[in-house]
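Before any comments, here is the structure.
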Amino acid sequence: MTPYEKLLLQNKAWSVDQQQADKNFFGRLEKQQSPKFLWIGCSDSRVPANQITGTDPGEIFVHRNIANMVVHTDVNLLSVLEYAVTVLKVEHIIVCGHYGCGGIDAALGNKSFGIINKWLLNIKEVYKTYQAELDAIEVHEDKVNRLVELN
C-alpha cells in the first residue's frame with residue numbers, strides 16, 4: 001500500500017468513526033462556521049492546532065506558515081485575517097510559535113534554502129532587532145528558542 005492509499009484509507013476510517021460517534025457531525029459542520037479564534041501557527045506537522053487545543057473542526061479558523069509569521073506584505077495572511085475578522089467575526093487572534101522551530105533555526109544560519117530565503121528574511125529582521133541579546137546566548141538550541149519567543 002502506498003502512503004497515498006494509506007492516507008485515503010485513514011481518512012475514510014476517520015469519517016466513519018465521526019459518523020458513528022455523532023450522526024449529525026458533518027451536517028452540523030456543513031451548515032455553520034463560527035469559530036471564536038483565528039490561529040496563526042507554524043506549518044510544522046507536529047503542531048496541529050485542533051489537536052493540541054483539544055478542539056473540534058469548526059472551532060478554530062487556522063492559518064499556517066513557516067515560523068508562524070505575521071508579515072504586513074503577505075496577501076495570503078492578510079486575506080485570512082480580513083475574512084476571519086470581517087466575515088467570521090472571530091473574537092480572538094492567537095499567534096502560536098513553538099520551541100525547536102526549524103524555520104527559526106534556518107534563519108539563524110547562512111545556508112541557502114532557495115525561495116524560502118525570502119521568507120526567512122522576516123525572521124532575520126527580528127534577529128537583527130535583538131542581536132545583542134541573542135548573540136550573548138551560547139547554546140544554539142537556547143538561542144533558537146529565545147528567537148522563537150521574540151518572533
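The rows are residues; the columns are (1) basic (Lys, Arg); (2) touching a residue at least 12 places away in the same chain (Cβ under 8 Å); (3) more than 30 Å from Ile104 (Cα to Cα).
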site	(1), (2), (3)
Lys6	yes, no, yes
Trp14	no, no, yes
Ala21	no, no, yes
Trp39	no, yes, no
Gly54	no, no, no
Asn68	no, yes, no
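Looking at the range 122-143, which of its residues are more than 26 Å from Asp74 (Cα to Cα) and surrounded by fewer than 11 Cβ atoms within 10 Å (Cβ to Cβ)?
Passing the criteria: Ala132, Asp135, Ala136, Glu138, Val139.
Test each condition in (1) in contact (Cβ under 8 Å) with a residue 24 or more places away in the chain; (2) in the same structural domain as Ile52 (by TED's automatic domain parsing); (3) closer than 21 Å to Val71 by Cβ for Val144 and report the one that comes out false.
Of everything listed in (1) in contact (Cβ under 8 Å) with a residue 24 or more places away in the chain; (2) in the same structural domain as Ile52 (by TED's automatic domain parsing); (3) closer than 21 Å to Val71 by Cβ, Val144 misses just condition (2).
Identify all residues within the range 59-84 that are over 8 Å from the mean Cα position of the chain (by Cα), among the small types (Gly, Ala, Ser) and crowded, with 16+ Cβ neighbours inside 10 Å; write none if there are none.
Ala84
Given the options Val95, Val90, name the one that is in a loop (DSSP other than H, G, I, E, B), touching a helix residue (DSSP H, G or I) at 6+ places or on another chain (Cβ under 9 Å) and without any contact (Cβ under 8 Å) to a residue 60 or more places away in the chain.
Every option except Val90 fails the conditions.
In the range 59-109, which residues are closer than 20 Å to Asp142 by Cβ and among the charged types (D, E, K, R)?
Across the range 59-109, the qualifying residue is only Asp105.
Counting just the residues of the range 33-58 that are of a type in the set (S, T, N, Q) and outside any loop (DSSP other than H, G, I, E, B), which one comes out surrounded by the fewest Cβ atoms within 10 Å (Cβ to Cβ)?
Residue satisfying both the conditions and the ranking: Gln51.
Over 12 Å from the mean Cα position of the chain (by Cα), outside any strand (DSSP E or B), more than 25 Å from Leu150 (Cβ to Cβ) and at pLDDT 95 or above, is that true of Glu30?
Answer is no for this residue.
Among the listed residues Asp74, Asp17, Asp105, Asp44, identify the single one that is in contact with a helix residue (DSSP H, G or I) (Cβ under 6 Å, 6 or more places away or on another chain) and either assigned by TED's automatic domain parsing to the domain that holds Lys128 or acidic (Asp, Glu) (or both).
Sole residue among the options that is in contact with a helix residue (DSSP H, G or I) (Cβ under 6 Å, 6 or more places away or on another chain) and either assigned by TED's automatic domain parsing to the domain that holds Lys128 or acidic (Asp, Glu) (or both): Asp105.
When the range 1-11 is examined, which residues are found to be among the charged types (D, E, K, R) and exposed (fewer than 10 other Cβ atoms within 10 Å of the Cβ)?
Matches in the range 1-11: Glu5 only.
The values are calculated or read from the model by the stated rules, or taken from the named source; none is laboratory data. Because the structure is a prediction, the values reported are computed rather than measured. Glycine also receives a Cβ, built like all others from the backbone with ideal geometry; neighbour counts cover every protein chain displayed.
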